[in-house]
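J.: Provided herewith is a single structure, encoded as structure tokens, for subsequent inquiry.
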Number of protein chains: 2
Amino acid sequence: MNDIILLAHGSGGVLSHELTRDLFARHFDNSVLDEMGDAAVLETLPPGRLALTTDSYVVQPLFFPGGDIGKLAVCGTVNDLAVAGATPQYLTAGFILEEGLSLETLERVVISMAATARAAGVQIVSGDTKVVNHGAADSLFINTAGVGIVPQELMLSPALLRPGDVILVNGTVGDHGIAVMLQREGLGFGAALESDCAPLNGLIAEVLAAVPSDAVRCMRDATRGGLATVLNEWVGDTTGIEIEETAVPVREDVRAACELLGLDPLYAANEGKVVIAVDPGVAGRVLAVLRAHPLGCNGAIIGQVTASHPGRVILSTPYGARRVVQMLTGAQLPRIC
Amino acid sequence: MNDIILLAHGSGGVLSHELTRDLFARHFDNSVLDEMGDAAVLETLPPGRLALTTDSYVVQPLFFPGGDIGKLAVCGTVNDLAVAGATPQYLTAGFILEEGLSLETLERVVISMAATARAAGVQIVSGDTKVVNHGAADSLFINTAGVGIVPQELMLSPALLRPGDVILVNGTVGDHGIAVMLQREGLGFGAALESDCAPLNGLIAEVLAAVPSDAVRCMRDATRGGLATVLNEWVGDTTGIEIEETAVPVREDVRAACELLGLDPLYAANEGKVVIAVDPGVAGRVLAVLRAHPLGCNGAIIGQVTASHPGRVILSTPYGARRVVQMLTGAQLPRIC
């Protein structure tokens, strides 16, 4: 192989085949991908409803503390399936490469995707590579789509929220957004800070297994737009949400970076954080499950659903003040995922 | 809405939600997308094996005679499922937008995707939008992934090819590649030439319904790399393929453009052409089905599988000469899809 990506790697010809065989199929090693058909044809799925999702990833820089664009592309799609109540099964991977990208960089990303897929228990079964001329893309974009199976009896929707329901999160918020931004801007500040990028399907499966299937109302991973945006997506015509500011876990270095830079950790992106709304009767049990898991050890109850201010998310501060938490307006941190 | 795409349209906040609601959900109108969850949760699928595929689209220009990037993105994924023997069911759509793209352009593309999806009988049920800064992408890239169902008894694979099997194609080759290239280069030549971009699932379903399920060996849509590349992917350790040059349908204007530009129509991309290998006993029946369909009226038997030169594709010319047809090397026409 050449050591950089050429336009011919996207032509469908000899170099495309070599790239597929020597890079993608080698690292995403599985029998389905080896078939190299136009579509992967899979075994019959277990019973249940099909969940289907997609996300593109354009993060800059490609590598950051705690992850890289490949790990992100697998975790993001796995997590979108998991919060829908699905057991993630199969992923596709579509690459858009800029002519001149080093093959070594691409291979690092592919190895990371393969390792993350193994950790999450999913297979990457179908893929595609396009190459655009130098300057027509920023090094490397990835799209992943995923399918999973939702148990027939499990219903999750913000429409199921009732006053009194308890809101939990599995740990500190804002880590991913701030870690990527500090890396991008070359700020040494918070050298120990890493993205929280992680597959949450194992943790979420434990939560769902621990409580009756109608006790979990809805879940969402708080990616772009952060915790504040998820909560704003959940409030409705008859339900509001109240959050205790001091109950929301935020790392000290994230808080300090946010203060310095004029950002709000409630809006900063996460890539390993799930927000869960549950029947109040199981909140303690869910919190215990979260805290017993490596990805939930800083889990917390952060608030509850209320009938008193429908359509609004209200934050209570330790000084007794209350303020409305709006949905994110504008672009806080572009290209964060 | 603003009239151009801003970075904030990809932030996950207010503008992202407006774009999803006012543009994507409006045109891709369906109840699943309206749920706006992280993943679409679908009805239980009909019995059979799951087919899964993905492709990214980076074609330039975005609009060309006979199609546009949106129509291409739906047809390409529908066709990848159909040639795997699947009934296409659901698609995802991931957009990577360049800051400054006009919303009018995006809407034209989305309307085209919606119309093509309706024509193909598939639903676009999950999506994602990322925005990158001006100069970091070339206006608009689309990824589509798709799922479909393959009947339990249908097995299709180049491994099933046997000497004597007949190769057919549903019409003229090279139309898409040459139409896009002439448009891109501003060549008036061949003004009547249009891309063949079309969903082939209806045509392929008719073929499969017309013959016993084991009579079709394999199918492939001849996109990047053209007919020559598909045939080279099919030959194996014990099977070669022989093609009659005069039997391969090529439009006169495509042939003339290729001669002028030093291209070979066998390598030019198609977006509405399926290559089908069948048991010789059903070849006449399959040809009749193709020719009775609007997308197959120029269908033809173009050659057969042979044991006499395993691993090679041989083209016979009208003058009795025979030449080896190699897999595409290099990049004939970049960004053709």
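J.: Hey, any hits in segment B:266-275 for a residue that's more than 14 Å from chain A (Cβ to nearest Cβ) and open to solvent by 20 Å² or more (accessible area, probe 1.4 Å)?
T.: no
J.: Here's a follow-up. For segment A:196-204, check the following and say yes or no: at least one residue is farther than 22 Å from A:ARG118 by Cα and among the acidic types (Asp, Glu).
T.: No, segment A:196-204 contains no residue that is farther than 22 Å from A:ARG118 by Cα and among the acidic types (Asp, Glu).
J.: Let me ask another. Could you give every pair whose Cβ atoms fall below 6 Å, whose first residue belongs to segment B:133-157 and is free of Cβ contacts under 8 Å to residues at least 24 places away in the same chain, and whose second residue is surrounded by fewer than 21 Cβ atoms within 10 Å (Cβ to Cβ), counting only separations of at least 6 or pairs across chains?
T.: Going by the 6 Å Cβ cut-off, there are no qualifying pairs.
J.: When you scan segment B:293-337, how many residues do you find that are in contact with a helix residue (DSSP H, G or I) (Cβ under 8 Å, 6 or more places away or on another chain), of a type in the set (Gly, Ala, Ser) and more than 14 Å from every other protein chain (Cβ to nearest Cβ)?
T.: Qualifying residue count for the region: 5.
J.: Hey, another quick one. Kindly indicate the residue of segment A:65-108 that is at the interface with another protein chain (Cβ under 7 Å from one of its Cβ atoms) and among the β-branched types (Val, Ile, Thr) and also surrounded by the fewest Cβ atoms within 10 Å (Cβ to Cβ) among those meeting that condition.
T.: Within segment A:65-108, the match that is surrounded by the fewest Cβ atoms within 10 Å (Cβ to Cβ) is A:VAL83.
J.: Counting only residues that are aliphatic (A, V, I, L, M) and more than 18 Å from B:LEU266 (Cα to Cα), which one in segment B:285-306 is most open to solvent (accessible area, probe 1.4 Å)?
T.: Filtering first and then ranking leaves B:ALA292.
J.: Right, here's the next one. Checking B:ILE178 against (1) over 24 Å from B:ALA84 (Cβ atoms); (2) touching a strand residue (DSSP E or B) at 6+ places or on another chain (Cβ under 8 Å); (3) buried (at least 21 other Cβ atoms within 10 Å of the Cβ): exactly one of these is not met. Which one?
T.: Result: B:ILE178 fails condition (2) only.
J.: Of a type in the set (D, E, K, R) and within 15 Å of B:LEU315 (Cα to Cα): which single residue out of B:GLU233, B:GLU206, B:GLU242 fits that description?
T.: B:GLU242
Quick grid of which residues meet (1) hydrophobic (A, V, I, L, M, F, W, C); (2) within 25 Å of A:PHE63 (Cβ to Cβ):
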position	(1), (2)
A:GLY146	no, yes
A:ILE149	yes, no
A:SER157	no, no
A:GLY164	no, no
A:LEU168	yes, no
A:HIS176	no, yes
A:GLY186	no, yes
A:ASN201	no, yes
A:VAL216	yes, no
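J.: Same structure again: Looking at A:THR246, A:THR172, can you tell me which residue is open to solvent by 10 Å² or more (accessible area, probe 1.4 Å), away from chain B (no Cβ under 12 Å), at pLDDT 95 or above and in contact with a Lys or Arg (Cβ under 6 Å, 6 or more places away or on another chain)?
T.: A:THR172
J.: Residues being open to solvent by less than 20 Å² (accessible area, probe 1.4 Å) and more than 7 Å from every other protein chain (Cβ to nearest Cβ): count how many of those fall in segment A:11-32.
T.: The total comes to 7.
J.: Among (1) touching a Lys or Arg at 6+ places or on another chain (Cβ under 9 Å); (2) within 12 Å of chain A (Cβ to nearest Cβ), where does B:THR129 come up short?
T.: The number of the failed condition is (1).
J.: Same structure, new question: Please specify each residue of segment B:33-57 satisfying the condition of being over 29 Å from A:THR129 (Cα atoms) and either more than 7 Å from chain A (Cβ to nearest Cβ) or touching an Asp or Glu at 6+ places or on another chain (Cβ under 8 Å) (or both).
T.: Once the filter is applied, which keeps residues that are over 29 Å from A:THR129 (Cα atoms) and either more than 7 Å from chain A (Cβ to nearest Cβ) or touching an Asp or Glu at 6+ places or on another chain (Cβ under 8 Å) (or both), segment B:33-57 yields B:ASP34, B:GLU35, B:PRO46, B:PRO47.
J.: Among (1) of a type outside the set (Val, Ile, Thr); (2) within 22 Å of the chain's Cα centre (by Cα); (3) buried (at least 16 other Cβ atoms within 10 Å of the Cβ), there is one condition B:LEU161 misses while meeting the rest; what is its number?
T.: (2)
J.: Just for segment A:219-237: of the residues that are open to solvent by 20 Å² or more (accessible area, probe 1.4 Å) and assigned to a loop (DSSP other than H, G, I, E, B), which one is nearest to A:GLY303 (Cα to Cα)?
T.: A:VAL235
The values are calculated or read from the model by the stated rules, or taken from the named source; none is laboratory data. Remember, it's a predicted structure, so these values are computed and weren't measured experimentally. Quick reminder, even Gly has a Cβ in these numbers, built from the backbone with ideal geometry, and neighbours come from all protein chains shown. Accessible surface is based on the protein model in full, side chains and every heavy atom, while ligands, DNA and RNA are left aside. Shrake-Rupley method; radii C 1.70, N 1.55, O 1.52, S 1.80 Å.
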